[in-house]
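Please read the structure below before turning to the comments.
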Amino acid sequence: MNSHILYKEEPMETEIYKNNYDDVQLSNSGLIALDYAGSGDAAEIDRGIRDCIKGIRLSILAMGLGLAKIRVKSLYRDLGYQNMSQYIQRLCDDTKMDRSSIYNWLYIGDVYIKYQNDLEQIGFNDSDGPTKLPYLERALETNEKQNVFDNIKNMTVREFAEFSKGSPEEVPGLVPFVKVRRGRVYAGGKLAVKINRRLDKRTYNYLRKIMCIAGKAMEEGDLVFFVRLRNRDEMRRYEQSSKQLISKLRKDN
């Protein structure tokens, strides 16, 4: 199944968030010894691998929360940057990390903060796998809340990612018998979308193009989702990364 991404260029704006970041507590796993790889003892090697995996998970969650705090409190200004995008770009240049990874960590931090109370109620922590968090909101859209939080605790990352998709009949927004004719979208033989012709020509054509792309995707049985991007530079970077991700997902399936 294909996915179509519709891009919308948006002006830079300042977002206001409730400050919950100072209340977040992370467990302290201490230092991890890395000399286990030279051992000849199977149990020691296995124990070392498991400790490192726990450390990686903790690091991902800590990095996500740190990035979220820098953005929400505008701490990037203290570092000499005008906005978060500039800070992340410099961070990528200095660490040789991919932008998509940095933004994914930032999203993990945001999601953890947003659902912190629910996650704490089920005892979710870094050892349960913070890389499940990017799938949490999609799972809540397609499944019962209690079921979602039970599964995010007990499922593997791959299992939870698949679970978050829901069954086809549960995915919101799917309309049967969609057809696109002469720039108009029809559902079940009826005109599905009407755009006010009093809009200026540029806006009218822009909205019409979006509707046609979405309608054509649904006509072919694909899924459509929106990605909010601030400018064309972000769009080009995201488009390249998303193509690589979609290619990987199709190979995995």
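Each of ALA214, GLY189, SER247 was scored by the projection of its Cα onto the charge dipole of segment 175-248, and the greatest displacement toward the positive side belongs to GLY189; charges sit on the C-beta of Lys, Arg, Asp and Glu. Take the Cα radius of gyration of segment 119-172 and divide it by 2.2 N^0.38 Å, N being the number of residues; the result is 1.05. For segment 81-112, the set of trypsin sites (Lys or Arg not before Pro) satisfying both a DSSP loop assignment and a count of at most 13 other C-beta atoms within 10 Å is given as LYS96. I need the P(r) histogram for segment 196-240: all alpha carbon pairs, bin width 5 Å from 0 out to the longest distance, whole percents. Taking all Cα pairs of segment 196-240, the binned fractions are 5, 17, 16, 21, 24, 13, 3, 0 percent.
Its Cα centre serving as origin, segment 69-135 has a Cβ charge dipole (Lys and Arg +1, Asp and Glu -1) of approximately 300 debye.
Read-outs throughout are calculated quantities, based only on the coordinates presented, and are distinct from any laboratory measurement. Here the structure is a predicted model, which is why all the values come from computation and not from measurement. All Cβ positions, glycine included, derive from the backbone under ideal geometry; neighbour counts span all protein chains shown.
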